[in-house]
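Quick note: the coordinates plus some simple rules give every number you see, no bench work behind them. Just so you know, these numbers come straight off a predicted model, no measurement behind them. Cβ sites come from the backbone with ideal geometry, for glycine too, and all protein chains shown count toward neighbours.
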Amino acid sequence: MPNFLIVGAAKSGTTSLYQYLKQHPQIYMSPVKEPRFFSFENETLDFAGPGDEREIRSTITSLDRYRQLFEAVTTETSIGEASPPYLYIPGTPARIAHHVPEAKIVAILRQPADRAYSNFMDKRWTGDEPHDEFSRAIDDEPRRIAENWSFSWHYVQRGYYYRQLRPFFDTFPRRQIRVFLFDELESDAASVLREILRFLEVDETFVPYVGVQYRISGEPKSQQVHDALRGESLIKSTVRSLLPESTRATLKARLFARNTIPQRISPEDRYRLTEGYRHDIEQLQDLLDRDLSAWLEAPSDPGEGRNYDRNSR
């Protein structure tokens, strides 16, 4: 079983963090990046949104299957996995506490309006999002939730971090929890990783390669290239047989990045969402004892604002 978990938030750098930590010789990361076991143990999933069958197939609900993810552990001392739904799905902290009560919890948070937009662009990137406009998608969110579209469609709701983190702090001692910000990872990944390695009690002098961003979302420059990278082919099968998984992941991330045009959230949408998150952000500041005032910066007149979103990870 793991002794640390990256619990989210989605579209806040968790894939990059997973890939960076995998490089450390004392760390074993689950070969399935996002098993989601502690959110859906023993459940029968019936999500009904476009593409949700992929979420259902990739979710591990059996304890025996989950344990199998860690059978290859040898001398590694820090054993982990990264499942962003853990932050969002109710009941997850209690399940974690039941199975691995001493587990260390790592969360990384992004300005919630920017996170929501990145989530939307990721669904556009996979070809599942039916709306071209972000504002229409967020207006449609209550209907989607009522119709049991999966957690991955909850663009706005997944940004209320205080209400999601509070149960973790109520369940685990603070010494077992570390919370980082996406901006910190983006501006100084090396420092964030050193702090995480220190928290995990492994060699913090190890320097992973952080020169690539994983899971960038945006509009593809070439849809044909995008489809080829996402699909199966003889070339991809050959590369898979010749290169180790870590090299393939880095190569794939670079190719996707070169074919992706990052998109920006409109000032109007950022203002609208940020105002809705304001009280939750203020509560989060108190919970974490951190200044999050930069998250609340939004144009008083959205028409005079700038675009905010950067590359999505």
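Tabulated data
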{"read-out": "Total residues in the range 143-182, condition more than 24 Å from T77 (Cα to Cα) and either without any contact (Cβ under 8 Å) to a residue 60 or more places away in the chain or touching a Cys at 6+ places or on another chain (Cβ under 6 Å) (or both)", "value": "4"}
{"read-out": "Meets criteria (in contact with a Ser or Thr (Cβ under 7 Å, 6 or more places away or on another chain), at negative phi and not polar (S, T, N, Q)) for Y86", "value": "yes"}
{"read-out": "Some residue of the range 21-28 being free of Cβ contacts under 8 Å to residues at least 60 places away in the same chain and at negative phi", "value": "yes"}
{"read-out": "Tally of residues being under 17 Å from L17 (Cα atoms) and of a type in the set (D, E, K, R) across the range 88-128", "value": "3"}
{"read-out": "When residues of the range 94-111 are limited to those that are hydrophobic (A, V, I, L, M, F, W, C) and part of a helix (DSSP H, G or I), the one nearest to A189 (Cα to Cα)", "value": "I96"}
